[in-house]
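Here the structure comes first, spelled out in structure tokens, and everything after it is commentary.
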Amino acid sequence: MGWYRLHLRGRFRALIFAVEKLADCWDQIMILAKAHWQETEMYRHGQPFCPEFSRYDAYDKAGWLFQYTARVDGQLVGYATMYLVPSMHTQQLIATEDTWFLLPEYRKGRNAIRFYNYVQDDLFKRGAVEVIMTAKMTNAAGRILEYLGFKQVAKQYSKQITDGQPSRKCL
């Protein structure tokens, strides 16, 4: 667990980072995930937002998923979901981001940098030799990652193949 003093609304509060079991925080994450989807996944808005707990839980139970949280006064203000698995190409442990989000009001100062550092430090302690993060075109995540020593190694492209109707319904 890591914590930092945070000045917010005229008083100091603790911003606490932790690794939590997915099942213990799933409902809280889903509240933030909807805001995250609206902010960063505009190119997918023809698709339904419907993460399935059972799929994430299977990865968690297999020991491949690590759920990081950022809290203030017990309230979830950010999360990062990371996969830690052996590379299919090198057989070494690599960490790959599923999602990373911090509410806009908590992105001030060095909070995002501290959260990224907490996550990557924990992953390296678990044996990761590489951490792979994404940066959407809609925010400053790429600048932060470069500041932290990450290198841009690829560009990702998306093409929607749909008639505007979701290919499956959310359950």
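List of remarks:
- Subset of the stretch 124-155 (residues that are closer than 23 Å to Ala35 by Cβ and either buried (at least 19 other Cβ atoms within 10 Å of the Cβ) or free of Cβ contacts under 8 Å to residues at least 60 places away in the same chain (or both)): Met133, Thr134, Ala135, Met137, Ala140, Ala141, Gly142, Arg143, Ile144, Leu145
- Matching strands (runs of 3 or more DSSP E) fully within the stretch 47-140 where at least 1 residues are under 17 Å from Trp26 (Cα atoms), at pLDDT 90 or above and aliphatic (A, V, I, L, M): 65-72, 75-86, 93-102
- Checked against the criterion of being open to solvent by less than 20 Å² (accessible area, probe 1.4 Å), in a strand (DSSP E or B) and at pLDDT below 70, the candidates Leu15, Leu6 yield just one match: Leu6.
- Filtering Glu97, Glu105 for residues that are within 27 Å of Trp37 (Cβ to Cβ) and within 13 Å of the chain's Cα centre (by Cα) leaves a single hit, Glu97.
- Residue selected from the stretch 102-123 under the condition closer than 17 Å to Leu148 by Cβ and among the hydrophobic types (A, V, I, L, M, F, W, C), by the criterion most open to solvent (accessible area, probe 1.4 Å): Ile113
The values are calculated or read from the model by the stated rules, or taken from the named source; none is laboratory data. No experiment lies behind these values; they were computed from the predicted model shown. In this analysis, Cβ positions are derived from the backbone assuming ideal geometry, glycine residues included, and neighbour counts consider all displayed protein chains. Please note that ligands, DNA and RNA were not included when accessible areas were found on the heavy atoms of the full protein model with its side chains. Shrake-Rupley method; radii C 1.70, N 1.55, O 1.52, S 1.80 Å.
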